[in-house]
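Encoded as structure tokens, the structure appears first; notes follow it.
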Amino acid sequence: MQGKMKLGDFLVAYLEKIGVSHLFGIPGDLVINLFFKFGRRRGLKIITLSHEPGVGFAADGYARATGRIGAICVTYGAGGHNMVNPVAASFAERVPILVISGGPGEEERKLGVLIHHQAKDIESQFHIYREVTCDAKIITDPLKAAREIDEVIRSIWLHQQPGYLEIHRDMVEREIRVPKEIVEWDGELPQPQSDHRKLDEAVRDTVERFNRAKRPLVLVGIETYRFKAAREIVHLVEKMGAPCCASVLAKGAFPMNHPQYMGVYLGAVSPPRIRKRVESADLILAFGMLLTDIESGGRAPSEALRHRSIWAVENHVNVSYHTYTDITLKDFVNGLLKAKLKPHHEKIIYSDNLGKPARDLDRPLRVADILREINRFLAERKELMVVAESGDSLFGGLDIKVGNDGLYLAQGFYASMGFAIPGALGAQIGTGLRPVILTGDGGFQMTGVEIIHAPRHGCNPIVILVNNGGWGIFRPVAQQQDLLALPSLRYAELAVLWGGVGIRVQTVAELRRALENAAQSSSFVMIEAMTGYCDLSPISVKYIRASAKRAERSSKN
Ligand SMILES: Cc1ncc(C[n+]2csc(CCOP(=O)(O)OP(=O)(O)O)c2C)c(N)n1
Ligand SMILES: [Mg+2]
């Protein structure tokens, strides 16, 4: 990096400095020079897919799995607008993504005609992205360019949310001034800072309440993952001796095979043992957990819960009815780790919604069988991760247990269909772990074709596609079943045409064998699991019924 550089070269050098190794994207004429500049650098691997939503999900999966920034380069308008949904998901679920878009140059803008790919105004795309990013800038001033790029990327890291840079095509070769601090900087991005006076007081307050509590319980939320406090939280839970549940969005942030792990908390529709244990807790310590309707089972959190909880999130610690500001999650956890805590002793039992299977392995496959078979398969294996798609798979996936501290990725809150296949490709590209993907046929029809890129990017996921011929999750509550039907494709055969292995299974025994075969295969594998028309995972049935009842009640009020 030098004091004077071309803007495009500066951006590439900056990304290399902060350790970005992959760039996801699709080129277009308004970004082509910048796109190929990225490609010329030996340190940066370019990952292209077929469609921008896939690109966005892949970069998001990469960032979730690696804990690093997922960088994206797309063209203006048609490309940028195509990717708004995945970026909105990254914003909602706190995933650090950098979106770089091209744009029309100054001379073109002065022509007085509409520019191709333009929607309303030239700045429309920028305005849209401002809504779904923590910082967005159009880089126009060579004197400020380096600092503005630096500001956006620092914000991404501090907030763990997407940021947006728009660089119009005439700016790429423009010489810019790079301040000395940036030239000499070691590339380490800043962490949020705590006010230590507030931190000490919050820790003292919490320790006092914890040592008085008879039945404390820990809830782990998504920020533990994003702000890299997961290991410290495991130590803290061990020191406390309390049971621990993960929130839906944070499944996988606490090791699922840990003896103090009880399972996923989902409000009133949690497994009964978890629901009762949370209700009977006299102190709930929630670390990094966002309060969402999904995580609270669709109900407003009760006043009683607030009274007996300590909620550390978004650099705040809320202790029952008062709040300490400017405290990072990591400092709070480390503060508690240093304190004197009275350890608890309790028999903790892991719970899910699956129940016991019937003995006959030749019975027709049900979704609950698929989940049990995945658990059986994972228990014996390392180097695998799980990615669950929105739909029944999102809820069913909550009953999957990934051993060996395994990674688990799903959009547990924003819940966009189309995440799983490209998200898993990004995650495998970033970590080398082989994904087991659980998806419905509807989710697969959205972005599943991106799997054709798996071989050339060195990926070999095992896809378990639940083929129920439609948007099955709504069948228990829909008046018009025909509106939920989808064309029935032969997914296993498609997988073979696309360069992978395809197996169609109808019984438990067939699925078990198919998973064994998939483990031996070095290419991607599609296991097409045929299930009954109305069959869903046990947890979806509970959730759908509970939310339909709530909707009915509120329409009567
Ligand atoms: C992008 C997007 N569009 C629509 C929805 C609403 N939605 C949620 S689940 C679902 C159907 C899922 O069908 P499928 O993938 O086949 O899974 P199944 O429930 O049948 O197993 C739909 C349409 C969504 N979550 N995301
Ligand atoms: Mg379906």
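The values are calculated or read from the model by the stated rules, or taken from the named source; none is laboratory data. These figures come from a predicted structure and were not determined experimentally. No Cβ is skipped: glycine too gets one built from the backbone with ideal geometry, and neighbour counts run over all protein chains shown. To get the accessible areas, we keep the full protein, side chains included, count just its heavy atoms, and leave off ligands, DNA and RNA. Shrake-Rupley method; radii C 1.70, N 1.55, O 1.52, S 1.80 Å.
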Worksheet item: Taking the range 469-508 only, how many residues are over 18 Å from L365 (Cα atoms), of a type in the set (A, V, I, L, M) and in a helix (DSSP H, G or I)?
Response: 7
Practice prompt. Pick out, from the range 1-79, the strands (runs of 3 or more DSSP E) lying fully within it that include 1 or more residues that are open to solvent by 20 Å² or more (accessible area, probe 1.4 Å).
Written response: 4-6, 22-26, 45-47
Fill in: Residues located in the range 219-257, provided they are more than 23 Å from S296 (Cα to Cα) and among the charged types (D, E, K, R)
K228, R231, E232, E238, K239
Discussion item. Among the residues that make up the range 526-546, is at least one of them surrounded by 22 or more Cβ atoms within 10 Å (Cβ to Cβ), under 20 Å from S50 (Cβ atoms) and within 16 Å of ligand 2 (Cβ to nearest atom)?
Written reply: yes
Practice prompt. Look through I349, I294, I274, I310 and report the one residue that is over 17 Å from R215 (Cβ atoms) and touching a residue at least 40 places away in the same chain (Cβ under 8 Å).
Written response: I294
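I need a count of the residues in the range 366-390 that are more than 26 Å from T66 (Cβ to Cβ) and either open to solvent by 20 Å² or more (accessible area, probe 1.4 Å) or not aliphatic (A, V, I, L, M) (or both). Spell out the reasoning first.
Within the range 366-390, the first condition is being more than 26 Å from T66 (Cβ to Cβ), and the residues that meet it are 366-373, 376.
So of that shortlist, the ones also either open to solvent by 20 Å² or more (accessible area, probe 1.4 Å) or not aliphatic (A, V, I, L, M) (or both) come out as 366, 369, 372-373, 376.
Of the residues in that region, 5 qualify.
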Worksheet item: Looking at G412, G423, G430, G418, which is the one that is within 14 Å of ligand 1 (Cβ to nearest atom) and in a helix (DSSP H, G or I)?
Response: G423
Worksheet item: If you go through the range 526-538 one residue at a time, do you hit one that is in a helix (DSSP H, G or I), touching a residue at least 24 places away in the same chain (Cβ under 8 Å) and farther than 16 Å from L378 by Cα?
Response: yes
Item to complete: For T447, indicate whether it is assigned to a helix (DSSP H, G or I), at pLDDT 95 or above and of a type outside the set (A, V, I, L, M).
Response: yes
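Which residues, counting only those in the range 251-261, are touching a residue at least 60 places away in the same chain (Cβ under 8 Å) and open to solvent by 10 Å² or more (accessible area, probe 1.4 Å)?
Scanning the range 251-261 gives G252, P255, N257, P259, Q260.
One line per residue, one yes/no per condition, for (1) of a type in the set (G, A, S); (2) under 17 Å from G412 (Cβ atoms):
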{"position": "P271", "(1), (2)": "no, yes"}
{"position": "R277", "(1), (2)": "no, no"}
{"position": "A286", "(1), (2)": "yes, yes"}
{"position": "L290", "(1), (2)": "no, yes"}
{"position": "H307", "(1), (2)": "no, no"}
{"position": "L337", "(1), (2)": "no, no"}
{"position": "P343", "(1), (2)": "no, no"}
{"position": "P357", "(1), (2)": "no, no"}
{"position": "D360", "(1), (2)": "no, no"}
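Give the residue that is nearest to A454 (Cα to Cα), with candidates limited to residues of the range 502-557 that are modelled with pLDDT under 95 and of a type in the set (K, R). Don't jump to the end; show me each part of the working.
To start, the set of residues in the range 502-557 that are modelled with pLDDT under 95 comprises 532-534, 538-557.
Narrowing further to those that are of a type in the set (K, R): 542, 545, 549-550, 553, 556.
Working: K542: 36, R545: 38, K549: 42, R550: 42, R553: 47, K556: 50 Å.
Among them, the one singled out is K542.
Could you identify the single residue in L497, L465, L484 that is near ligand 2 (Cβ under 10 Å from one of its atoms) and free of Cβ contacts under 8 Å to residues at least 40 places away in the same chain? Give the steps one after another, and end with the answer.
Numbers: L497 fails: near ligand 2 (Cβ under 10 Å from one of its atoms); L465 fails: free of Cβ contacts under 8 Å to residues at least 40 places away in the same chain.
It is L484.
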Worksheet item: Taking the range 468-481, which residues are without any contact (Cβ under 8 Å) to a residue 40 or more places away in the chain, within 15 Å of ligand 2 (Cβ to nearest atom) and of a type outside the set (G, A, S)?
Response: Q481
Worksheet item: Of the conditions (1) in a helix (DSSP H, G or I); (2) modelled with pLDDT under 95, V203 fails just one. Which one is it?
Response: (2)
Response to the item:
When every residue in the range 453-471 that is buried (at least 20 other Cβ atoms within 10 Å of the Cβ) and farther than 18 Å from F419 by Cβ is compared, the one farthest from ligand 1 (Cβ to nearest atom) is N467
Worksheet item: Somewhere in the range 510-523, is a residue open to solvent by 60 Å² or more (accessible area, probe 1.4 Å), more than 16 Å from ligand 1 (Cβ to nearest atom) and over 22 Å from A368 (Cα atoms)?
Response: yes
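Conditions (1) more than 16 Å from ligand 2 (Cβ to nearest atom); (2) assigned to a loop (DSSP other than H, G, I, E, B); (3) under 24 Å from I233 (Cβ atoms), marked per residue:
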{"residue": "I370", "(1), (2), (3)": "no, no, no"}
{"residue": "V386", "(1), (2), (3)": "yes, no, yes"}
{"residue": "D405", "(1), (2), (3)": "yes, yes, yes"}
{"residue": "G442", "(1), (2), (3)": "no, no, no"}
Worksheet, complete the sentence: Pairs returned, first residue in the range 196-210 that is of a type in the set (S, T, Y), second residue that is surrounded by 14 or more Cβ atoms within 10 Å (Cβ to Cβ), beta-carbon separation under 6 angstrom, 6 or more apart or interchain, are T206/I310
Item to complete: Return the pairs, sorted by first residue and then second, in which the second residue is part of a helix (DSSP H, G or I) and more than 16 Å from ligand 2 (Cβ to nearest atom), the first residue lies in the range 440-454 and is without any contact (Cβ under 8 Å) to a residue 12 or more places away in the chain, the beta carbons are less than 9 Å apart, and the residues are 6+ apart or on different chains.
Response: none
Item to complete: Test each condition in (1) over 23 Å from P272 (Cβ atoms); (2) among the acidic types (D, E); (3) away from ligand 1 (no atom under 16 Å from the Cβ) for D352 and report the one that comes out false.
Response: (1)
Response to the item:
Within the range 410-440, of all residues that are hydroxyl-bearing (S, T, Y) and open to solvent by 10 Å² or more (accessible area, probe 1.4 Å), the one nearest to ligand 2 (Cβ to nearest atom) is S416
Practice prompt. Could you list all residues from the range 272-288 that are open to solvent by less than 10 Å² (accessible area, probe 1.4 Å) and over 28 Å from L337 (Cβ atoms)?
Written response: none
Worksheet item: Which one is modelled with the lowest pLDDT among residues in the range 314-347 that are more than 21 Å from Y261 (Cβ to Cβ) and among the aliphatic types (A, V, I, L, M)?
Response: V319
Worksheet entry | Subset of the range 88-121 (residues that are under 24 Å from G8 (Cβ atoms), in contact with a helix residue (DSSP H, G or I) (Cβ under 6 Å, 6 or more places away or on another chain), open to solvent by 30 Å² or more (accessible area, probe 1.4 Å) and in a loop (DSSP other than H, G, I, E, B)) | H117
